[in-house]
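**Student:** One structure coming up, written as structure tokens, with questions to follow.
Readers should treat all values here as calculations from the given coordinates under stated rules, not as data from a laboratory. Here the structure is a predicted model, which is why all the values come from computation and not from measurement. So basically every Cβ, Gly included, is an ideal-geometry build from the backbone, and we count neighbours across all protein chains shown.
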Amino acid sequence: MNIHKRIKISLIVVSCVLLDVCLHMFTTPYGTMPDNPDLSFIAEVIGIEATATLWAFSAFSVAAFVFLRIRKRIPGEGVKKGLRYGASVALLWLSAMIEGVSLFGNPIINEIVVGLSDAIPVFLLGVLLGFVKPGTIPATYSTSGLPVRKHKAIFFFAAIFFAGRYLAYTIGAIKSGIQERPVGTSMWTLLMGMAIGTTFIWLDAYRNQKLLRQRIAEFTLFVFGMNWLSFLMFMPLLFSGYIIDVLIRMAVDTTLVTIASYLTISTVGTSRTIGSWNSCIC
């Protein structure tokens with residue numbers, strides 16, 4: 001990659017981070033910061049705003065890095081690649097943000113508004129990066145309808161994520177609102193599983209030339225894992241007492257996504273079939 005493209009990518013990341021910061025400033029009335037937060041060491045030293053900005057630079061840089069590594073294998077041409085990727089990460093982050101409703105009892109409108117302040121810039125990040133170095137893949141995909149197999153794939157992810165997370169909730173391995181808000185916790189857990197399954201469908205086809213084990217590892221540990229970890233790191237970066245919870249969440253969630261990915265690829269259909277579903281996003 002030449003210096004000019006590196007500069008373009010850096011400017012895109014910085015611009016999207018600045019947009020993220022501005023949106024959070026405008027949506028401050030919808031913020032859910034506790035009155036007397038137990039701040040982390042970093043937040044105590046540099047302040048809440050600077051810590052949040054540091055997280056944004058880190059998370060958006062990770063999102064950009066992942067895209068640049070996989071862009072040649074994402075279906076579509078040019079900006080459509082960025083559209084798929086940006087929409088996928090935005091969906092993951094927005095869905096994850098809504099957990100605050102069941103976990104902390106925050107109003108859902110607040111979580112959606114604040115979540116969109118991150119989702120919109122990261123979606124734009126994907127779209128803009130799609131212009132930097134567009135690529136194509138040799139396969140073409142059908143644009144006809146939404147086959148039943150798509151819904152079966154989402155069902156695998158939703159069911160496995162729901163069952164695994166509830167086991168972790170029940171034994172107290174992960175903080176949750178299962179006691180105080182059981183209905184909300186159930187709804188969010190199901191929603192999150194469906195969101196992960198949807199991103200798998202949108203991005204899965206670029207691995208159609210790879211072995212099963214490689215495809216699963218790439219989605220679970222790289223595409224999902226890195227973007228998931230970068231989002232979850234906001235809490236331990238800003239507040240104290242969340243590091244262990246985040247590590248357990250990562251271990252549990254990546255295990256569940258690995259299982260769901262394997263079942264989807266091995267029992268629902270081939271990569272080419274899954275790839276045909278991706279046409280619904282572009």
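**Student:** Do any of K152/K175; K8/K150; K72/K152 go past 32 Å between their Cα atoms, and which?
**Tutor:** Pairs exceeding 32 Å: K8/K150.
**Student:** Where does each of E180, E99 land when they are ranked from fewest to most other beta-carbon atoms within 10 angstrom?
**Tutor:** Ascending number of Cβ neighbours within 10 Å: E180, E99.
**Student:** What per residue convex hull volume, in Å³, do the alpha-carbon atoms of segment 3-281 yield?
**Tutor:** Taking the convex hull of the Cα positions in segment 3-281, it is 129 Å³ per residue.
**Student:** How big is the charge dipole of the chain about its Cα centre, in debye rounded to the nearest 20, if each Lys and Arg gets +1 on its Cβ and each Asp and Glu gets -1 on its Cβ?
**Tutor:** 1700
**Student:** Could you check which residue among S117, S186, S95 shows the biggest mean-square fluctuation in a GNM of the chain with a 10 Å Cα cutoff?
**Tutor:** Per the Cα network of the chain with a 10 Å cutoff, S186 tops the list.
**Student:** Using the count of nearby Cβ atoms within 10 Å as a rough guide to exposure, how do S102, S10 rank from fewest to most?
**Tutor:** In increasing order of surrounding Cβ atoms, one gets S10, S102.
**Student:** Ranking C16, C22 by Cβ neighbours within 10 Å, fewest first, what do you get?
**Tutor:** If I rank by nearby Cβ atoms, fewest first, I get C22, C16.
**Student:** When N is the residue count of segment 24-142, what does its C-alpha Rg come to as a fraction of 2.2 N^0.38 Å?
**Tutor:** 1.26
**Student:** Once amide H atoms are placed 1.01 Å from N in the peptide plane, what residues at a sequence separation of 5 or more from L39, or on another chain, have their amide H within under 5 Å of its amide H?
**Tutor:** For L39, whose amide H was placed from the backbone, the distant partners under 5 Å are S240.
**Student:** Read phi for every residue in segment 3-16 and hand back ³J(HN,Hα) as whole Hz from Karplus 6.51 cos²θ - 1.76 cosθ + 1.60, θ = phi - 60°, with x for Gly and Pro.
**Tutor:** So the Karplus estimates, Gly and Pro as x, are 5, 5, 5, 4, 5, 4, 5, 4, 5, 5, 4, 4, 4, 5 Hz.
**Student:** Per the helix-only calculation at 222 nm, which mean residue ellipticity applies to the chain, given -39500 (n - 2.57) for every DSSP H run of n ≥ 4 and division by its residues, nearest 500 deg cm²/dmol?
**Tutor:** Calculated from helices alone, the mean residue ellipticity at 222 nm is -23000 deg cm²/dmol.
**Student:** Per-residue counts of other Cβ atoms within 10 Å, averaged by peptide: what ranking do you get for 229-238, 34-43, highest first?
**Tutor:** 229-238, 34-43
**Student:** I've got another one for you. Between T189, T258, T51, where does the largest GNM mean-square fluctuation fall for the chain, given springs only between Cα atoms within less than 10 Å?
**Tutor:** Checking each option, the largest mean-square fluctuation is seen for T51.
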